[in-house]
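Enquirer: Just dropping this structure here.
Laboratory data are not the source of any read-out in this text; all were calculated from the coordinates shown. Predicted, not measured: the structure shown is a model, and the values here were computed from it. Using ideal geometry, Cβ is built from the backbone for each residue, glycine included, and neighbour counts are taken over all protein chains shown.
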Amino acid sequence: MSFDDIYSDFIMHHYRNSGHRGIDKESDLMEKGANLSCGDEITLFVRMKEGKITSLAFDGHGCAISQASASVMADLLEGKTLEEARKTLSNFSKMLRGEIFDENLLGDAVLFERLREYPMRIKCVSLAWKTAERALMK
Ligand code: ZN
């Protein structure tokens with residue numbers, strides 16, 4: 001299996017079978033985001049308890065990258081404290097900007113680093129992360 005195959009499997013798996021997809025009417029935080037250049041939309045629903053993210057769900061539509069990225073992010077942020085979540089989000093931005101970042105914080109999300117070569121795709125992959133930044137910085 002080539003890296004390209006692994007990468008597309010990874011994207012399609014998260015796109016099709018995300019365990020985080022859904023509308024959470026009981027969430028503590030809700031934030032919407034859109035990437036007009038591709039038509040991607042996302043709404044995040046976050047539940048917090050004692051300073052930790054206990055659940056992160058998303059609803060939206062758009063290209064596979066934007067939706068898969070939301071799923072990967074939700075996997076990563078659930079169970080983290082606000083502080084850890086913010087650190088994770090800023091690390092992801094650093095990675096996409098080509099700056100030094102801590103890959104231990106990013107788990108599977110490091111696979112998205114290759115999108116740096118595709119500037120049009122950066123907005124797709126970062127949509128959920130930027131939306132989460134707005135939700136968690138309030
Ligand atoms: Zn897109």
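Enquirer: Compute the long axis of helix 64-77 from its Cα atoms, compare it with the longest principal axis of the Cα atoms of the chain, and write down the angle in degrees, 0 to 90, nearest 10.
Expert: Once rounded, the angle reads 50 degrees.
Enquirer: For Lys52 and Glu84 in the same chain, what is the full-extension length gain: residue separation times 0.36 nm, less their Cα-Cα distance, in nm? It would help to have the intermediate numbers written out before the result.
Expert: Values: separation 32, 0.36 × 32 = 11.52 nm, distance 0.92 nm.
Length gained between Lys52 and Glu84: 10.6 nm.
Enquirer: So what's the angle, to the nearest 10 degrees on a 0 to 90 scale, between helix 119-136 and the longest Cα principal axis of the chain?
Expert: Its long axis makes an angle of about 10 degrees.
Enquirer: How far, in degrees from 0 to 90, does helix 3-17 lean away from the longest principal axis of the Cα atoms of the chain, to the nearest 10?
Expert: 30 degrees
Enquirer: Straight-line reach from Lys87: which lysines have Cα under 26 Å away, leaving out those fewer than 8 places along the same chain?
Expert: Lys32, Lys49, Lys52, Lys123, Lys130, Lys138
Enquirer: Can you give the charge dipole size of segment 3-136 about its Cα centre, rounded to the nearest 20 debye, using +1 on the beta carbon of Lys and Arg and -1 on the beta carbon of Asp and Glu?
Expert: Values: 18 positive and 22 negative charges, 73 e Å.
Result for segment 3-136 is approximately 340 debye, rounded to the nearest 20.
Enquirer: While we're looking at this one, here's another question. Per residue of the chain, what 222 nm ellipticity follows from adding -39500 (n - 2.57) for every DSSP H run with n ≥ 4, rounded to the nearest 500? Write down the numbers at each step before the final one.
Expert: On the way: 4 runs with 63 residues, N = 138.
Theoretical 222 nm ellipticity from helices: -15000 deg cm²/dmol.
Enquirer: Can you find, among Gly98, Leu82, Thr131, the residue sitting farthest towards the positive end of the charge dipole of segment 3-136, where Lys and Arg contribute +1 and Asp and Glu -1 at Cβ?
Expert: Thr131
Enquirer: For His61 and Met137, FRET efficiency with R0 = 22 Å and r from the beta-carbon atoms, rounded to 0.05? Don't skip to the end; give the middle numbers.
Expert: Working: r = 25 Å, r/R0 = 1.14.
Approximately 0.30, to the nearest 0.05.
Enquirer: So how do 13-23, 76-86 stack up, highest first, on mean other-Cβ count within 10 Å?
Expert: Numbers: 13-23: 15.0, 76-86: 17.1.
Descending mean neighbour count gives 76-86, 13-23.
Enquirer: For segment 94-119 and segment 29-89, what is the separation of their C-alpha centers, rounded to whole Å?
Expert: Centre-to-centre distance over Cα atoms comes out at 17 Å.
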